[in-house]
Amino acid sequence: MAHLLKAALKIENAFHEYRMGISTRGLYGFAPGDWSHEEHIYYGTVPFRGIFRILDFLDLKNTDVVVDLGCGKGRVLCCAAMYSVQQVIGVDDTRDLCDVALNNLRRLSRKRAPAAVIHGKAEQFDYSLGTVFYLFHPFGPNTLRSVISRMSIGLRQIPRLARLAYVNPRHDSVLKDTGVLERYEHWAHQTPQSRFVCYPVSFWRFRI
Ligand SMILES: C[S@@+](CC[C@H](N)C(=O)[O-])C[C@H]1O[C@@H](n2cnc3c(N)ncnc32)[C@H](O)[C@@H]1O
């Protein structure tokens, strides 16, 4: 049954890519399972159906600025740019992936929101912008800690409601220990909610 679902999602992914005019499939970077690079995870993504499910759950508004930290080839950016949000921003520290993401955004049909890609490290990003942060397990606990600390500074400078969707939340405990976030939703693995994401997902909001 799981094999059938995977095969169906693969076909559906190809359909979405064709419909949107983009190319985001395949892995890039370190080999899967090579955890010696725990602080920098290779590129991979989740099925479109799962991404749309997460974005729908987030109930995006036209005031939202969606930031994908470790945007890779830009699948999430392209999906988010199809919603009526204020802006979509992707950050990735791998130049080749940023180029692919930018190219995908240029080709994306049905774009409704302005989108940008920034080549750089998430732990050095300027967090004065952003209301929804998407992370698909992009980095390890040390980087995550620095990222949340910078986000908190950005949120103190310009106070606003901010949420975080964490796919494959291997370091949820890091988020909990920061004391500035509360987990308001969790989709456990292989439940109806997470089935199309293929990973658990946790949703956090900054305490204000
Ligand atoms: C698992 S992929 C997620 C891709 C994308 N968010 C998606 O869901 O389609 C992780 C990405 O994070 C990027 N990355 C890892 N460490 C990073 C860092 N410190 N700053 C910026 N990007 C990073 C990698 O280059 C890779 O593209």
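Do we have R110 as of a type in the set (K, R) and either open to solvent by less than 10 Å² (accessible area, probe 1.4 Å) or free of Cβ contacts under 8 Å to residues at least 60 places away in the same chain (or both) here? No.
Of the residues in the range 107-118, at least one is more than 15 Å from the ligand (Cβ to nearest atom) and at positive phi.
So that you can scan it fast, the table gives a plain yes or no per residue for (1) open to solvent by less than 80 Å² (accessible area, probe 1.4 Å); (2) assigned to a loop (DSSP other than H, G, I, E, B); (3) touching a Ser or Thr at 6+ places or on another chain (Cβ under 8 Å); (4) free of Cβ contacts under 8 Å to residues at least 12 places away in the same chain:
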| position | (1), (2), (3), (4) |
| --- | --- |
| V100 | yes, no, yes, no |
| L105 | yes, no, no, no |
| I118 | yes, no, no, no |
| S128 | yes, yes, no, no |
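This table checks each residue for (1) more than 13 Å from the ligand (Cβ to nearest atom); (2) modelled with pLDDT of 95 or more; (3) open to solvent by 10 Å² or more (accessible area, probe 1.4 Å); (4) more than 25 Å from L144 (Cα to Cα).
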residue	(1), (2), (3), (4)
H3	yes, no, yes, yes
K6	yes, no, yes, yes
H37	no, no, yes, no
Y43	no, no, yes, no
G50	no, yes, no, no
V66	no, yes, no, no
K73	no, yes, yes, no
T94	no, no, yes, no
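The values are calculated or read from the model by the stated rules, or taken from the named source; none is laboratory data. Treat the numbers as computed from the prediction; the structure is a model and nothing was measured. Cβ coordinates were reconstructed from backbone atoms using ideal geometry, including for glycine residues, and neighbour counts include every protein chain displayed. These accessible areas exclude ligands, DNA and RNA; they are computed on the full protein's heavy atoms, side chains included. Shrake-Rupley method; radii C 1.70, N 1.55, O 1.52, S 1.80 Å.
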